[in-house]
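Heads up, the thing below is written out as structure tokens.
The values are calculated or read from the model by the stated rules, or taken from the named source; none is laboratory data. Note that the structure is a prediction, hence the values are computed from the model and not measured. Cβ sites come from the backbone with ideal geometry, for glycine too, and all protein chains shown count toward neighbours. Accessible surface areas use protein heavy atoms only, side chains included; no ligands, DNA or RNA. Shrake-Rupley method; radii C 1.70, N 1.55, O 1.52, S 1.80 Å.
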Amino acid sequence: MTITINNQNFILHPCGAAFWEEKKMLLISDLHLGKIAHFRKHGMAIPEKAVQQNFNRLKNVLELFDSEAIIFLGDLFHSTINTEWDFFAEWTKSVTQQLILVEGNHDIISRKYYADLNIEIYSELIIEGFLLTHHPSKRENFFNLCGHIHPGIKLKGLGRQFLSLSCFFRKPYQMIFPAFGEFTGNFNLIPEENDKVYAIAKDEIIEINLGLV
């Protein structure tokens, strides 16, 4: 689905990423690499092959868009360095795009490690009227692109039927990205009158009728 914000076009993809057409930037939030290895280390029975799923999703979305830069909107890596860092370092060798990280609360790894991979790090970015952050922020005269919340939407059906979906959650001044990573979970948000919700329904993006929420 293509949406327009402040005369700029963004293609929303069901993996949770968005492509900023005019800037040729791929925006991804809350990848949380290392989370699966972290959980496995602490005894949770998550299949080791699940680690590769995040990298498969990255590979697939990169093949779809002619991007010149990838901007991670925080929480790129979930914890301290573990075995998944080696997979990530190897992955960076396969991409030609500029890699940029807007720091999130989970991004606690020393900046030196990112510098070694030629990844630029910022606390926030301002690009032509857009404020890119990890935590949702409100700043006058800027439209905020952010993550952190892992937004979801709960839909009600007939009787007591409910369905919870990940979503891009858009307010008049902000859009919160869904979590890109596996095993991240959602936090259901309740839209207000002027909000828009773009839900991820398997392989497509659907704008939700707020009467179903």
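Counting only residues that are at pLDDT below 75 and in a helix (DSSP H, G or I), which one in the range 41-57 is most open to solvent (accessible area, probe 1.4 Å)?
Looking only at the range 41-57, we keep the residues that are at pLDDT below 75, and these are 41-51.
When the remaining residues are screened for being in a helix (DSSP H, G or I), the result is 41, 50-51.
Details: Lys41: 169, Ala50: 4, Val51: 14 Å².
Within the range 41-57, the match that is most open to solvent (accessible area, probe 1.4 Å) is Lys41.
Please go through the range 167-183 and give me each residue that is out of contact with any Cys (no Cβ under 7 Å at 6 or more places or on another chain) and either open to solvent by 30 Å² or more (accessible area, probe 1.4 Å) or without any contact (Cβ under 8 Å) to a residue 40 or more places away in the chain (or both), ordered by number.
Across the range 167-183, the qualifying residues are Phe169, Arg170, Lys171, Pro172, Tyr173, Glu182, Phe183.
So which residues in the range 58-86 are at pLDDT 90 or above and either charged (D, E, K, R) or open to solvent by 20 Å² or more (accessible area, probe 1.4 Å) (or both), if there are any at all?
Filtering the range 58-86 for residues at pLDDT 90 or above gives 58-76.
Scanning the range 58-86 gives Lys59, Asn60, Leu62, Glu63, Leu64, Phe65, Asp66, Glu68, Asp75.
Within the range 102-140, work out how many residues are exposed (fewer than 14 other Cβ atoms within 10 Å of the Cβ), at pLDDT below 95 and not in a loop (DSSP other than H, G, I, E, B).
4
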